[in-house]
1. From P264, P258, grab the single residue that is of a type outside the set (S, T, N, Q), at pLDDT 90 or above, within 21 Å of R16 (Cα to Cα) and within 43 Å of the chain's Cα centre (by Cα).
2. Out of all the residues in the range 57-68, is one or more more than 44 Å from the chain's Cα centre (by Cα) and not charged (D, E, K, R)?
3. Which of the residues belonging to the range 1-40 are open to solvent by less than 50 Å² (accessible area, probe 1.4 Å) and over 32 Å from the mean Cα position of the chain (by Cα)?
4. Only one residue in L229, L215, L210 is within 26 Å of D10 (Cβ to Cβ), within 20 Å of the chain's Cα centre (by Cα) and open to solvent by less than 20 Å² (accessible area, probe 1.4 Å). Which one?
5. What about V111, is it within 30 Å of A239 (Cβ to Cβ), open to solvent by less than 70 Å² (accessible area, probe 1.4 Å) and touching a residue at least 24 places away in the same chain (Cβ under 8 Å)?
6. Given V277, V248, V199, which one is part of a strand (DSSP E or B), farther than 30 Å from Q46 by Cβ and in contact (Cβ under 8 Å) with a residue 24 or more places away in the chain?
7. Is one or more of the residues making up the range 172-188 closer than 26 Å to V48 by Cα, of a type outside the set (A, V, I, L, M, F, W, C), more than 20 Å from the chain's Cα centre (by Cα) and open to solvent by 40 Å² or more (accessible area, probe 1.4 Å)?
8. Of the conditions (1) outside any strand (DSSP E or B); (2) within 30 Å of A303 (Cα to Cα); (3) small (G, A, S), G45 satisfies every one except a single condition; which number is it?
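The values are calculated or read from the model by the stated rules, or taken from the named source; none is laboratory data. The structure displayed is predicted, hence computed values, not measured ones. Reconstructed Cβ throughout: ideal geometry from the backbone, glycine too, with neighbour counts over all protein chains shown. Quick note on the areas: whole protein, heavy atoms, side chains included, nothing else; ligands and nucleic acids left out. Shrake-Rupley method; radii C 1.70, N 1.55, O 1.52, S 1.80 Å.
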Amino acid sequence: MRVAQAAQQDVPMELRMIGRVQSLHQVLVRPQIEGVLTEVRFTEGQRVARGDVLARLDDRALKAQLAQAEAELTRLQSQLQLASADLRRYEGLAAQSAVPVQQRDQQAAAVVQLQSQIRAQDAALSAARVQLSFTTITSPVTGRVGLRVVDAGNFVRPSDVAGLVTVVQTQPMGIVFSAPQTRLADVREALKVNGGATVRVSDRERGTALTQGRLLTADNVVDPGNGSLRLKAQVPNVAENLWPGQFVAVTLVTGQMPQALVVPANAVQRGLKGSFVWRVTGDKADMVPVAVRWQNDERAVLAAGAIQPGDRLVVDGQSRLKPAQTVRVLADAKS
């Protein structure tokens, strides 16, 4: 049989779950005006920064409308300049009673009317500039573009369901996972950690480590269907090991037990009277009842009692043992 020694060490308390990678920002890019798509400026799968040009629409008609609005504004400004000069002359003549006061008031009203028309035309000019700006389609976020939906030469509309392309933020990324309601106390402690509890992400359980991040928040209700609470973490994803929609193994560190008595998980057996371990002293094995404070697939933390650090515990071959039986240890296992 094989044995391992009990040890005293700091033990992080962990929850292991399956999570799904989620982009913190995912945007479906659509045109804001109708028009012919004249140019596509991105490559599928390319990384883009916020404000990078993705596509352009035919802008000739809108440029003509903008030029027309600018010319109309110039005409009105010229009329206002002339009307203002006339008003100043009428005010001087009216002071000398050379012209009727009514004529001066009519000229003042004409000046006010032109000023109002100029403000309206200035607003129309701003609207024309905005419409023209819609012909240049830029990325609203920094991230990675998906597959192109429309090719240059097509007529596009804001109502197109598929849009032009999807841009997803890949740095940082979110991880959504669920914790069983039986571990709500641990989750609450993890949420209290300043800056968020540590979350480790790997490609599969006990697989290759991909990245590490922090717990962000928890949902406001427990799912009554499966009795679990949805949690969300954020990871930097600098190396872009994670992809939106990917399933990953998540380990949430919910706390730590300092200087705990640790034994291998397979050393703990369960019987009718509770948990126990087989302790080897010399060449004899005896059954020792224990209280398990915490356990995962690899190790268990025992409450203080009969087992002490350094005790040798059977981790393989327990089914063949009887109290006070003479045993032969084949090898020591790693604790």
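1. On the way: P258 fails: at pLDDT 90 or above.
Exactly one residue qualifies, and that residue is P264.
2. Let us first name the residues in the range 57-68 that are more than 44 Å from the chain's Cα centre (by Cα), namely 68.
Then keep just the ones that are not charged (D, E, K, R); that gives 68.
Scanning the range 57-68 turns up at least one residue that is more than 44 Å from the chain's Cα centre (by Cα) and not charged (D, E, K, R).
3. If the condition is that a residue be open to solvent by less than 50 Å² (accessible area, probe 1.4 Å) and over 32 Å from the mean Cα position of the chain (by Cα), then M1, V3, A4, A6, A7, G35 are the ones that fit.
4. On the way: L229 fails: within 26 Å of D10 (Cβ to Cβ); L210 fails: open to solvent by less than 20 Å² (accessible area, probe 1.4 Å).
Just one listed residue meets the conditions, L215.
5. no
6. Result of the check over V277, V248, V199: V277.
7. no
8. It fails just one condition, (2).
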